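Chemist: Below: one structure in structure tokens.
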Amino acid sequence: MKGFVAVSTIPSVKRRWRAPASAVLVLVLFSLLVPLAFLLGLHNRFPSGYDRLPSETSFPKFGHLDGVGTSSSKGDGSRIENRVKRFGPMFSKDVTGNHISKTGDLLNKKPVISTTEKLIVAGKDFSSNSQAMDMTSPSELQNTITYYKQEVIISHPKVLPVPRAVPSESLLNLRTKHGTWDDKTSDAEGGRREETRKYCQLEFGSYCLWSIEHKAVLKDSAVKKLKDQLFVARAYYPSIAKLHGQQKLSRDLKQNIQDHERMLSVVTVDADLPKFVENKIQKMEQTIARAKGCTVNCNNIDKKLRQILDLTEDEATFHMKQSAFLYHLSVQTMPKSLHCLSMRLTVEFFKSLSMDTKKSHHNRLDSPKLMHFVIFSKNIIAAAVTINSTIMNSEVNQNMVFNIVTDAQNYYAMKIWFDRNSYKAATILVINFEELNLKYLHITGLEKLSMSEEFRVSVHKTDQLAAHMSTEYMAVFGHSHFLLPDMFKNLKKVVVLDDDVVVQRDLSPLWDLNLEGKVNGAVEFCGLRLGQLKKFLGRNSYDAKSCVWMSGLNIIDLKKWREHNVTGTYFQLLQSFQQTKNEVSLRAAALPASLLAFRNIIYPLGERWSLPGLGHNYGVNADSMKSAVSLHYNGNMKPWLDLGVPKYKIYWRKFLTQDEKFMDECNVNP
């Protein structure tokens, strides 16, 4: 019985295996149909009569553009936009149509109600209708100030709308056209490019100037031309392929597309192109010209070309903003060699503690009969160059005392550096700012050393004919400078030098200068006047025609400073201008507070005493540089950075310390 039961179950087992076998056959058939569908281009829904060219799939560089036919480019656009937004916190939001909050650059453009005059600093609106503004968040501003300096943007009463600079156009036109256009170019075209240059500065700051001077020579111009022709040919091919009687043109167009794709699949620069590439380019031009002569539906072609254009503009905008971010990151970051030098010197200090010379210089510190110079700095090499240039150009240096005020992190490195190196008969004293017990250091943010603050100021002006904009760079005292009377209680006069200054003449005449009862002897910059900052300066009284003053080289009468209580006035103004309790707002408030604290007590020095602009302006006059008493490298392109202006570095490098072991080991001066 058991045997008969086993035999009777065999047919049922065979029937159970028929369903899986059928499923396997269906899967095999499906696996054959899917690749066939891809080969025919059905997944992209190409028009009938247009087969996707076989070589397209083998050319990965154009993979993201292959499907631009009639399909949407939303996916690629979103991808680019997401990549751009990754850098969003590094660029401040645009508050007006004419621009910008803190040294940074636009990502989001937002409409704002019209106003007669507007001033924006560090994302804070000082105009009468600031409630309507969409301010940059504190977190974005904090990120921005990490890499950039502060910026002020002003616009005066508008009659005509201010021209807008398209991000993708502003830098591309500059890189390819600025300064190289043909002499036959019309004045109007030249004026347009000049305006583009100005608005590029407004968006990207000194990066725009740097990129113009360092534009790379294109090594793939012919390759780019091949790509452009390929894009146009692909746009025309589907429409030409559907036309009756144009089979020859369709074959020629397809053949040219395949030829271009084969060349582009193996080359990236012009040097790798075959010798017959010119013939291929001419042949493609002729074929495209024939295609343009045919009567076709332009909507499809227009749509494809616009999709390519939109995607290209998105990518260009992203790369510009990424490049600007990397530029500002580079100029605001300490070079590795300087960091190495600071660390090595700090270690060396603790190996030789007996070299402390503070007591031996204590008596000289309090002597008002000597010429006292004060430098606020965290950069060893920069401070050394400023001191060395001052001493080397002085007729007498025995009575010179240099007081370097630095922070705790750099104190030991600074101290041993100036103990190791000789500066003739001058005395060098290093002061740790964080060890001082001064009156106003209890205010949040002021307990840390603050050096001179640099600002980029853009002014918009409009009249009945046109809109004008100018961008200027200026530097004023930081918060720590206003503690000078408390730091040097026994001194009557001091000369304050920034660490980005190179002295070329004897500064002794400054001590004999009659300041006529004024407090601060400074070089004035009349390219910007206080009246242009009226919304920013508030309702405080001042002379609207007064020029702004610059730090860099200043002679300070500390006795008059104390009489006018400049320190108390400054910190009172600082608190009134500080919008929020954070570092960004505190640093931004330094500009109006500094300008107003010294109102009517500035003694104007002659322009020859200090020549500014060597850290941002590529067009400084060579004769002016040779005749100036001092050179001020204000701006982002400092001379100790790789991004510094090369032709200005020679004035700075000749005062570098030579034969220093740690400099050689850290490759500070390769």
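Chemist: Hey, any idea what % of the stretch 232-280's accessible area is carbon plus sulfur with a 1.4 Å probe?
Modeler: Ligands and nucleic acids excluded, carbon and sulfur reach 51 percent.
Chemist: Go ahead and run the numbers for FRET between D366 and N514, Cβ-Cβ distance against an R0 of 22 Å, rounding to 0.05.
Modeler: Here the calculated transfer efficiency is 0.35.
Chemist: So how much slack lies between K439 and K559, counting 0.36 nm per residue of separation and subtracting their Cα-Cα distance, in nm? Please list the in-between numbers first.
Modeler: Values: separation 120, 0.36 × 120 = 43.20 nm, distance 1.79 nm.
Fully extending the segment from K439 to K559 adds 41.4 nm.
Chemist: Does anything in the stretch 502-533 have its amide N under 20 Å from the 7 Å Cα→Cβ label point of E395, and if so which residues?
Modeler: Once the point is set 7 Å along Cα→Cβ of E395, 503-515 turn out to lie under 20 Å by backbone N, inside the stretch 502-533.
Chemist: Give the calculated FRET efficiency between K351 and E447 to the nearest 0.05, with a Förster radius of 25 Å applied to their Cβ-Cβ distance.
Modeler: About 0.25, to the nearest 0.05.
Chemist: At R0 = 25 Å, how high is the FRET efficiency between S323 and K647 if r is their beta carbon distance? Nearest 0.05 is fine. Please report the intermediate quantities before stating the final value.
Modeler: Numbers: r = 23 Å, r/R0 = 0.91.
Computed FRET efficiency for S323 and K647: 0.65.
Chemist: Multiply the residue gap between V269 and S576 by 0.36 nm, knock off their C-alpha separation, and tell me the result in nm, one decimal place.
Modeler: 104.7 nm
Chemist: Next up: Whole number in Å², please: accessible area per residue of the stretch 290-352, 1.4 Å probe, ligands, DNA and RNA not counted.
Modeler: Working: 3430 Å² over 63 residues.
Value for the stretch 290-352: 54 Å² per residue.
Chemist: May I ask you to compute the full-extension gain from S31 to E278, defined as 0.36 nm times their residue separation minus their alpha-carbon distance, rounded to one decimal in nm?
Modeler: So the extension gain works out to 84.6 nm.
Chemist: So, one more: Counting only protein heavy atoms and using a 1.4 Å probe, what share of the accessible area of the stretch 288-355 belongs to carbon plus sulfur, as a whole percent?
Modeler: Of the solvent-accessible surface of the stretch 288-355, carbon and sulfur hold 58 percent.
Chemist: Could you tell me whether the stretch 238-289 comes out rounded, prolate or oblate from its Cα gyration tensor? Rule is a ≥ b ≥ c as square roots of the eigenvalues, rounded for a/c under 1.5, then prolate if a/b exceeds b/c, otherwise oblate.
Modeler: Judged from the Cα gyration tensor, the stretch 238-289 comes out prolate (a/c at least 1.5, a/b above b/c).
Chemist: State, to one decimal in nm, how far the label point of D664 lies from the label point of K292, with both points 7 Å from Cα in the Cβ direction.
Modeler: 6.5 nm
Chemist: Here's something else I'd like to know. In bins 5 Å wide, starting from 0, what share of all Cα pairs of the stretch 247-357 does each bin hold, as a percent?
Modeler: Pairs per bin, as whole percents: 2, 8, 9, 10, 11, 11, 8, 6, 5, 5, 4, 4, 4, 3, 3, 2, 2, 1, 0.
Chemist: Something else about it: For labels at D310 and L218 in the simple 7 Å Cα→Cβ model, what's the distance in nm?
Modeler: Taking the two extended label points, one gets 2.6 nm.
Chemist: Tell me, rounded to the nearest percent, the portion of alpha carbon pairs in the stretch 602-670 spaced more than 14 Å apart.
Modeler: 63 percent
Chemist: So, one more: Which of the pairs K439/K559; K219/K336; K254/K280; K518/K559 have their Cα atoms more than 20 Å apart in this structure?
Modeler: On the way: K439/K559 18 Å; K219/K336 31 Å; K254/K280 13 Å; K518/K559 10 Å.
Pairs exceeding 20 Å: K219/K336.
Chemist: With every protein chain kept in place and ligands, DNA and RNA left out, what is the accessible area per residue of the stretch 533-670? Probe 1.4 Å, answer in Å².
Modeler: 44 Å²
Chemist: Calculate what fraction, in whole %, of the accessible area of the stretch 544-655 sits on carbon and sulfur atoms when a 1.4 Å probe is rolled over the protein chains. Could you put the intermediate results ahead of the total?
Modeler: Details: 2050 of 4370 Å².
Whole-percent figure for carbon plus sulfur exposure: 47.
Chemist: Across all directions of projection, what mean area in square nanometres is found for the Cα convex hull of the stretch 481-636?
Modeler: Computing the convex hull of the Cα atoms and averaging its projections yields 10.0 nm².
The values are calculated or read from the model by the stated rules, or taken from the named source; none is laboratory data. It should be emphasised that the depicted structure is a prediction, and the values quoted were computed from it without experimental measurement. All Cβ positions, even for glycine, are placed from backbone atoms using ideal geometry, and neighbour counts span all protein chains on display. Quick note on the areas: whole protein, heavy atoms, side chains included, nothing else; ligands and nucleic acids left out. Shrake-Rupley method; radii C 1.70, N 1.55, O 1.52, S 1.80 Å.
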